[in-house]
Amino acid sequence: MGEKSGMQPQTTSKGDTGMNRPKAALLKTGKMARLVLCAAMLGAAVPTMALAIGGASGAKIDYEIQGQIGEVQINPYKIAPLTAIIKDGGYTISDASVTIVPKKGGQTISYRVAASRLKDYAGIPVFGLYADYTNTVNVEYVKHYGGKAEKIKESYTIYAPPLYSDPDGTIFQKGAFFRDVKVTKVDKEFADRLYFVNNLAEKSGNGTKVVWNNPVGGALEWNFAPQNFIIDTQGEVRWYMFANPIYDLESIYHGGVMMGFKQNDDGALSWGYGQRYAKYDIMGREIFNRRLPNGYNDFSHSMETMKNGHFLLRVGSANYKRPDGKNVRTVRDVILEVDANGNVVDDWRLFEILDSYRDVVLKVLDQGAVCLNIDASQAGHTLTADDLAKMDKNDHFGDIVGSGPGRNWAHVNSVDYDEEDDSIIISSRHQSAIIKIGRDKKVKWILGSPEGWKGDFVGKVLTPVDAKGAKIACENSKCEGDFDWTWTQHTAFKIDSKSKGDIIYVSAFDNGDARGMEQPALPSMKYSRAVIYKIDQKKMTVEQVWEYGKDRGYGWFSPVTSLTEYQPDKNSVFAYSATAGADFNVKSGAFTTAPNPFINEFKWGAKEPSVEIQIMNATGYQAMPFNIEKALSK
């Protein structure tokens, strides 16, 4: 049999084969086998105090415990690889603090841990590990056991894995999230900053290739893999999201673009993507992850948190019957309010509130940069009145620049809630306007060029004034002096701590495309601005009180995306010029490389930044300071 099967008889230590072993030896072997079998059966019936790995529950612990409490869990919730939990080991612990020992010359991350967080995670949360590095983590805590409290200081050695991002298969990608980070300037008072960065991968061949078709239109084709991370002021990544467990490019209901990140008052992050909106803490623990209500679709850009626990989501209508009888999905023109449980509270249907056929801005937009899906072949091109008129006679709906519901006529990219008068402030890119709308769905004021507004809207346009309140002379879309409207802007946020009554301050990122209702002679003449306005809501006037970026010209110009936002903790203004710094074709203005976004932070009123960090070879959407104390210490 052995020769036929290719098997050879085993040789014993005495040179005998197993088949030729004496009978007594075989009987002895059989007896031992029965004893082993009986022991195994007894083991299954009677628990023991020391069991092998994979065995029944018991007292034996066969994994490493470094310190005096429990084991270390890396990436405990699967989506935050540079986090860990030092488990409490069944003890009660209190008064915990954590310090991540920095690399040489690096930034220390140190924080207290709130008592509630110790209970949330059943241990000590560790945030801020360096990627692909053996980290030293110093912890202090009080261990309570047997009626005694012992204060303990100890160090843990924790290796964290390399950064990972799904490759997109394009020539632009040079690294997981970027090629490099260039730190140009960080003033001492900002040296402890952490910055949350919400970037996007390039369009990928793995992305979903579908559109809504019943009804038609919508913005479903938007599908960019997420690249979300936190960097310190040395340019080191100290946290990133491994989104794969909650994201799928090939799924309608789990894909899309992750946008609208906010750090809530409780320290957790909220945002949306495609047909979902979500809230997770910084350790990756899910608070909620929900489908949009059935009447709405295509979240992107903005998810505002309200103090009453509600959320404002920028979405589209899933089914709107136009006056001509056509059913469409609308594009970026509905603000949805949901409560903490996801129930619909209210909505602002902007196609019924504003003039969706105001086309003066649409006709001067650079069609190569109308939103994030930049089309280099259309760079420098604009639409004519005939183009728009023909479009409205056909069924060409979707995420395209055009007038009327079912097309991208508004492109609202931010919404901010003003609790003083129960209103919303929106940024409408394709109207180049910042607009305040009440709960009654009536427009309160319009911050933008007066060109093209009709009827009652004419009286809602704010009048520019100087610091003394004197009216500034304007002709059409151009004003004397330094005052300027915002053009295809992103983010319009009320600065609550600076505002009082009818006098409010509003920040915005003025992208600058179609500035003055025209395209310049050369693309290199374009520029962007971070800008702050002072608005007298009673007198209906607006004063420009601060700007930055005009003098930096095309090198700081972001055709799309970006953010400007006041930071109360340091009385500063943060700006992210998110698609600046790309190489371009001088003739067409089209990108020939990925952008190199700028992070800047300014002391209130300063003309020059206290912080400048440039992320090389990346496509940015938004960024903001991240507060670790809010996340883990409160």
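The values are calculated or read from the model by the stated rules, or taken from the named source; none is laboratory data. This one's a predicted model, so the numbers in the text were calculated from it and none came from an experiment. Neighbour counts run over all protein chains shown; Cβ positions are idealised from the backbone, glycine included. These accessible areas exclude ligands, DNA and RNA; they are computed on the full protein's heavy atoms, side chains included. Shrake-Rupley method; radii C 1.70, N 1.55, O 1.52, S 1.80 Å.
Rounded to the nearest whole Å³, what is the per residue volume of the convex hull around the Cα atoms of segment 159-314? Numbers along the way, then the final one.
On the way: hull volume 22.2 nm³, N = 156.
Each residue corresponds to 143 Å³ of Cα convex hull volume.
For a quick protection proxy, order the peptides 612-618, 507-513, 210-216, 459-465 by their average other-Cβ count within 10 Å, most packed first. Kindly include the intermediate steps, with their values, before the conclusion.
Working: 612-618: 21.7, 507-513: 26.4, 210-216: 14.3, 459-465: 17.7.
Result, highest mean first: 507-513, 612-618, 459-465, 210-216.
If amide hydrogens are placed 1.01 Å from N in the peptide plane, which non-local residues have theirs closer than 5 Å to the one on G67?
Hits under the 5 Å cutoff: none.
Hey, what number do you get for the chain at 222 nm if only DSSP H runs of n ≥ 4 count, each worth -39500 (n - 2.57), divided across all residues, to the nearest 500? Don't skip to the answer; put the middle values down first.
Numbers: 5 runs with 45 residues, N = 634.
Helix-only estimate at 222 nm: -2000 deg cm²/dmol.
Send over a whole-number figure in Å² for the accessible area per residue of segment 180-238, probe 1.4 Å. Please report the intermediate quantities before stating the final value.
On the way: 2430 Å² over 59 residues.
Computed with neighbouring chains in place, this is 41 Å² per residue.
Using only alpha carbon pairs under 8 Å that are at least six residues apart, calculate the relative contact order of the chain and give it in whole percent.
Working: 1552 pairs, mean separation 67.6, N = 634.
Averaging sequence separation for qualifying contacts and normalising by length gives 11 percent for the chain.
Please compute the per residue accessible area over segment 404-509 with all protein chains in place, 1.4 Å probe, rounded to a whole number of Å².
37 Å²
Which residues does the label zone of E352 cover in segment 286-304, counting backbone N under 17 Å from a point 7 Å along Cα→Cβ?
Taking a point 7 Å out along Cα→Cβ of E352, the residues of segment 286-304 whose backbone N falls under 17 Å are 294-297.
Please work out the FRET efficiency for the pair R439 and V216, using the Cβ-Cβ distance as r and a Förster radius of 25 Å; give the result to the nearest 0.05.
Working: r = 31 Å, r/R0 = 1.26.
Between R439 and V216 the formula returns 0.20.
If you average the C-alpha positions of segment 202-260 and of segment 114-134 separately, how far apart do those two centres end up, in angstrom?
26 Å
Which length gain, in nm to one decimal place, applies between N476 and D248 when the Cα-Cα distance is subtracted from 0.36 nm times their residue separation?
Stretched out fully, the N476 to D248 stretch lengthens by 77.4 nm.
What are the principal axis extents of the Cα atoms in segment 398-497, in Å, biggest first?
44, 31, 26
Could you compute Rg(Cα) / (2.2 N^0.38 Å) for segment 524-613, with N its residue count?
Values: Rg = 14.8 Å, N = 90, 2.2 N^0.38 = 12.2 Å.
In units of the 2.2 N^0.38 Å rule of thumb, it is 1.22.
Would you work out the relative contact order for segment 431-576, in percent, from Cα pairs under 8 angstrom that are 6 or more residues apart?
Details: 303 pairs, mean separation 28.5, N = 146.
Across segment 431-576, relative contact order equals 20 percent.
Whenever you get a sec, line up C479, C474 from highest to lowest accessible area (probe 1.4 Å, protein heavy atoms). Walk me through the intermediate numbers first.
Numbers: C479 30, C474 60 Å².
Greatest to least solvent exposure: C474, C479.
Mind listing the long-range amide H neighbours of W546? Cut-off is under 5 Å, sequence gap 5 or more, other chains count too, H placed in the peptide plane at 1.01 Å from N.
I532
Using the crude model of +1 on Lys and Arg Cβ and -1 on Asp and Glu Cβ, and no other charge, please compute the dipole size for the chain relative to its Cα centre, in debye to 20.
Numbers: 75 positive and 76 negative charges, 407 e Å.
I would put it at about 1960 debye.
With the dipole of the chain worked out from charges on the C-beta (+1 for Lys and Arg, -1 for Asp and Glu) around the Cα centre, which of L632, N343, G501 lies farthest toward the positive end?
Farthest towards the positive end: L632.
In whole Hz, what ³J(HN,Hα) sequence does segment 526-540 give by Karplus (6.51, -1.76, 1.60; θ = phi - 60°), x for Gly and Pro?
7, 8, 10, 9, 8, 9, 10, 10, 10, 10, 9, 6, 7, 7, 6
Need one number: convex hull volume per residue for the chain, Cα atoms only, in Å³. It would help to have the intermediate numbers written out before the result.
Values: hull volume 154.6 nm³, N = 634.
In the chain, the Cα convex hull volume per residue is 244 Å³.
Amide H to amide H, which residues 5 or more places from A114 or on other chains are under 5 Å from it, using H placed in the peptide plane?
HN-HN under 5 Å from A114: S633, K634.
Which one of G481, P167, N596 is farthest out on the positive end of the charge dipole of the chain, using unit charges on Cβ (Lys, Arg +1; Asp, Glu -1) and the Cα centre as origin?
Checked the options; the winner is P167.
Could you check how much of the accessible area of the chain is carbon and sulfur, as a whole percent, using a 1.4 Å probe? The partial results should precede the final answer.
Numbers: 14280 of 28150 Å².
About 51 percent, which is the carbon plus sulfur part of the accessible surface.
Straight-line reach from K441: which lysines have a Cα under 20 Å away, not including same-chain ones fewer than 8 places off?
Of all the lysines, those that pass the test against K441 - Cα under 20 Å, at least 8 places apart if same chain - are K321, K454, K460, K494, K538.
Report the gain in length on full extension from V545 to N294: 0.36 nm times residue separation, minus Cα-Cα distance, nm rounded to one decimal. Write out the running numbers ahead of the final one.
On the way: separation 251, 0.36 × 251 = 90.36 nm, distance 4.30 nm.
Length difference between fully extended and current span is 86.1 nm.
Mind checking which of A114, Y145, A176 is farthest towards the positive end of segment 107-203's charge dipole, using Cβ charges of +1 (Lys, Arg) and -1 (Asp, Glu) about the Cα centre?
Checking the options against the dipole of segment 107-203, the answer is Y145.
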